[in-house]
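The values are calculated or read from the model by the stated rules, or taken from the named source; none is laboratory data. Since the structure is predicted, the reported quantities are computational estimates derived from the model, not experimental observations. Here the Cβ positions follow ideal geometry from the backbone for every residue, glycine too, while neighbour counts run over all protein chains shown.
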Amino acid sequence: MSTTSPADPLIDLRAGTTLVAGQQPTWPDEAALADVVATLLTYPPLVFAGECDVLRSRIAAAARGEAFVLMGGDCAETFANATADNIRDRIKTVLQMAAVLTYGASVPVVKVGRMAGQFAKPRSSGTETREGVTLPAYRGDMVNDFEFTPEARTPDPTRLLRAYHTSSATLNLVRAFTSGGFADLRHVHDWNRGFVANSANARYEKLARDIDKAMKFMAACGADFETMKTVEFFAAHEALLLDYERPLTRVDSRTGDLYDTSAHLVWVGERTRDGDGAHVDFVSKVRNPIGAKVSDKASPDDVLRLVERINPDNEEGRLTFITRMGAGRVREALPPIVAKVHASGAHVTWVCDPMHGNTFESESGFKTRDFEDIVDEVRGFFEVHRELGTVPGGIHVELTGNDVTECIGGAEKILDADLTKRYESVCDPRLNHQQSLELAFLVAEMLAD
Ligand code: PEP
Ligand code: MN
């Protein structure tokens, strides 16, 4: 339990490099990697320490039920898809969802994009075999290319630099869109009217009408909508590739503390959350708000160990558990974990990821998720927290603003046979724009219950 910073926090950070780090690529050329790392060390921060502190305080409010966290974005961003239209439409989707959730929860929604850095992926196998040919697995655009050729799949460290620049351009656009009038609540509300005007979504008309009335009520009371044209929007990704995260970790000149300046929040994934591993060591040494994915494979003691390692000072907003149990397991697997952490007195924020425990291969061979399962896991998450008297603090979803067909179900009734029409994800299946909004309406109903 030490709160004092070591004399040189960067030396302390480097000490972690001796620990085992899972899910790292085998770079073909160590000298080329060293050059890239040296370059990354000279680059400016992508986010600022003060912004990370603001997010930490917002997440602390969510732990108390005074805010609700909405995290959303691609499973894996790609360089090619970091276009203005794609980024705008993803932001738009998150803003639309947030407006609906704000009404349902009657508290501010903390908007966090899974974007501007989500370029590295953990894989269940280090290789992939197609028609007798075995190549390195695709590990995200930060490492190699999705195309199935030996050249494309060979890890290339200069991709770390491209990831930095793409993240920088993405964040620049995020900041412009969320501060330049695009996020005006009146526009967002109009977009949502468009969603319910579609007859497939008639079921949500009542809630949309109630929001409409609330907007009119606010206007009649003299609410200043001009001040609601800008919103806070944070960036988050999995801190997977330590050769990217470590060089972007900097000493905050205000406090001498370390911050990972690649994102406001970083999380450790299900496959790298070993309490003694390099990833947990890394996140324990930076002051950013931290997330940790937790599946039904985790024991309550594993989770308590993460509390000890990542949040020894029991600070509110520091640690968020992003639970991803699966719809069929959440009602059994989540309660013992939440109960034990709660009984320990640890301050943590509970967020539901209803995506990663619900992935399956469809009959036609696509990796997919069923909208019904996604909704059911969120419902189970709320039930468990209500039962235990703990606070359901938010949701974490994989989504896109485009009309893709990757997850089945929803009001548009996407079928297995439709998956082939527009399946674009290079990793996990995402909710499309309509499915994302539908989920927001359903979660808003759960929150209002
Ligand atoms: C992800 O968020 O894309 C992911 C790989 O999740 P998890 O670590 O929970 O499996
Ligand atoms: Mn994923």
- prompt: Taking helices (runs of 4 or more DSSP H) that do not extend beyond the stretch 244-362, which have at least 2 residues that are closer than 23 Å to GLU377 by Cα?
  reply: 300-310, 330-343
- line: Only one of VAL378, VAL397 is within 18 Å of the chain's Cα centre (by Cα), within 16 Å of ligand 1 (Cβ to nearest atom), part of a helix (DSSP H, G or I) and modelled with pLDDT of 95 or more, namely VAL378
field: Residue ID - farthest from the chain's Cα centre (by Cα), chosen from residues in the stretch 59-118 that are more than 19 Å from LEU265 (Cβ to Cβ) and within 16 Å of ligand 2 (Cβ to nearest atom)
entry: ASN81
message: Quick check on my filter: what residues within the stretch 73-83 are within 11 Å of ligand 1 (Cβ to nearest atom) and either of a type in the set (S, T, N, Q) or in a strand (DSSP E or B) (or both)?
response: GLY73
query: If we keep just the residues of the stretch 420-438 that are within 16 Å of ligand 2 (Cβ to nearest atom) and not in a loop (DSSP other than H, G, I, E, B), which is surrounded by the fewest Cβ atoms within 10 Å (Cβ to Cβ)?
result: SER436
query: Could you say which residue among THR320, THR359 is of a type in the set (Val, Ile, Thr), more than 14 Å from GLY269 (Cα to Cα) and in contact (Cβ under 8 Å) with a residue 40 or more places away in the chain?
result: THR359
- line: Only one of (1) at positive phi; (2) not in a loop (DSSP other than H, G, I, E, B) does not apply to GLY65, and that is (2)
query: Within the stretch 24-45, is there a residue that is surrounded by fewer than 19 Cβ atoms within 10 Å (Cβ to Cβ) and within 27 Å of LEU447 (Cα to Cα)?
result: no
field: Failed criterion for ALA417 (all others in (1) of a type in the set (Gly, Ala, Ser); (2) part of a helix (DSSP H, G or I); (3) within 16 Å of ligand 1 (Cβ to nearest atom) hold)
entry: (3)
query: Using beta carbons and a limit of 9 Å, which pairs, at least six apart or on different chains, have the first residue in the stretch 73-84 and touching a residue at least 40 places away in the same chain (Cβ under 8 Å) and on the phi > 0 side of the Ramachandran plot and the second one in a loop (DSSP other than H, G, I, E, B) and within 16 Å of ligand 1 (Cβ to nearest atom)?
result: GLY73/ARG114; GLY73/MET115; GLY73/ALA116; GLY73/GLN118; GLY73/THR400; GLY73/ARG430
Residue pairs meeting the criteria (Cβ under 6 Å; at least 6 apart or on separate chains; first in contact (Cβ under 8 Å) with a residue 40 or more places away in the chain, in the stretch 278-293; second part of a helix (DSSP H, G or I) and within 13 Å of ligand 1 (Cβ to nearest atom)): HIS279/THR272; LYS293/GLU270
- prompt: Inside the stretch 340-355, can you point out the residues that are within 15 Å of ligand 1 (Cβ to nearest atom) and in contact with a helix residue (DSSP H, G or I) (Cβ under 7 Å, 6 or more places away or on another chain)?
  reply: TRP350, CYS352, PRO354, MET355
message: Name the single residue that is surrounded by the fewest Cβ atoms within 10 Å (Cβ to Cβ) among those in the stretch 384-410 being over 21 Å from VAL112 (Cβ atoms) and within 16 Å of ligand 2 (Cβ to nearest atom).
response: VAL404
